[in-house]
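Just so you know, all these numbers are worked out from the coordinates, no wet-lab data involved. Since the structure is predicted, the reported quantities are computational estimates derived from the model, not experimental observations. Ideal geometry is used to build each Cβ from the backbone, glycine not excepted, and the neighbour counts take in all protein chains shown.
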Amino acid sequence: MNDKKVRFLFLRLQKHCPMTAQHSLRVAEIAQQLATTDRERALFHTCGLLHDIGKISIPISLLQKEVALTDTEVMAIRTHTALGRDILHKNSFPQQVVNAAHFHHERCLGNGYPCCLVDIPYEARVIAVADVYAALTENRAYRKAHSLQESISILKIQAEGGGLDPFITQKLISQISEDVQLYLGANAFG
Ligand SMILES: [Fe+2]
């Protein structure tokens, strides 16, 4: 994968919407923890960094709007998935990176967007889980960040309800629990 192209596009996102870029960095960090090989780590990191790249084509006034969005505005924001696919395809990114941008809002029961897919590519399911977890643990204009425990409970509900991939979700939850234990252990001895 061409690192220059990744950096170039990520910097464009950072310039257009720093909050989305910050979120994407967290998604990239979380997603790479779900990898099983070095190759997958690099792939998931890139998928995370660029999953919302389509937002560079959405007006910042809309991305930053703090009051409730109209149906038309929601539809406009949802186009970031197809816009992202087009940008990444045009820049010759691997199909998995294109898929992650295009399908990260699809849900396993077929109630996601933009295509209501049931058979969702693996990399898009990984980014969906990382994206939801990152969003839950971040402050938003309309709410404070959820605690770790609340976030884990919400992830479980979304996996059991057929939204998020249950195996990937469980893998992340185990990973988070391990990290917390490590942190507590380090503090206990520190
Ligand atoms: Fe998104």
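Candidates 58, 45, 105 compared by Cα position along the dipole of the chain: farthest toward the positive end lies 58, with charges placed on Cβ. Stretching residue 181 away from residue 145 to a fully extended chain increases their span by 10.9 nm, per 0.36 nm per residue minus the current alpha-carbon distance. In summary, the stretch 93-190 shows an alpha-carbon radius of gyration equal to 1.21 times the 2.2 N^0.38 Å reference for compact globular proteins. Taking each residue as 0.36 nm, the span from residue 69 to residue 2 lengthens on full extension beyond its C-alpha to C-alpha distance by 20.5 nm.
Each residue of the stretch 142-149 was assigned a 3J(HN,Hα) from its phi angle through the Karplus expression (A = 6.51, B = -1.76, C = 1.60, θ = phi - 60°), giving 9, 6, 7, 4, 6, 5, 4, 5 Hz with x at Gly and Pro.
By how many degrees, between 0 and 90 and to the nearest 10, does the Cα long axis of helix 166-189 differ from the longest principal axis of the chain? That works out to roughly 50 degrees. Please give the net charge around residue 21, taking every other residue with its beta carbon less than 11 angstrom from that of residue 21, where Lys and Arg add +1 and Asp and Glu add -1. Charge balance near residue 21 sits at +3. Qualifying chymotrypsin sites (Phe, Trp or Tyr not before Pro) in the stretch 103-142, where qualification requires a DSSP coil assignment and no more than 14 other C-beta atoms within 10 Å, comprise 142. If the limit is 30 Å between Cα atoms, which of 65/171; 5/156; 15/144; 4/55; 4/156 go over it? From the list (65/171; 5/156; 15/144; 4/55; 4/156), the Cα-Cα distance tops 30 Å for 65/171; 5/156; 4/156. Largest first, the three principal axis extents of the alpha carbons in the stretch 3-189 are 48, 39, 33 Å in whole numbers. Give the residues of the stretch 49-90 whose amide nitrogen is closer than 11 Å to a point set 7 Å from the Cα of residue 113 in the direction of its Cβ. Within reach of a label on residue 113, which here means backbone N under 11 Å from a point 7 Å along Cα→Cβ, the stretch 49-90 contributes 70-82.
Normalised by 2.2 N^0.38 Å, where N is the number of residues, the C-alpha radius of gyration of the stretch 73-140 stands at 1.10.
Mean residue ellipticity at 222 nm, helices only, the chain: -21000 deg cm²/dmol; runs of at least 4 DSSP H residues each add -39,500 (n - 2.57), and the sum is divided by the number of residues.
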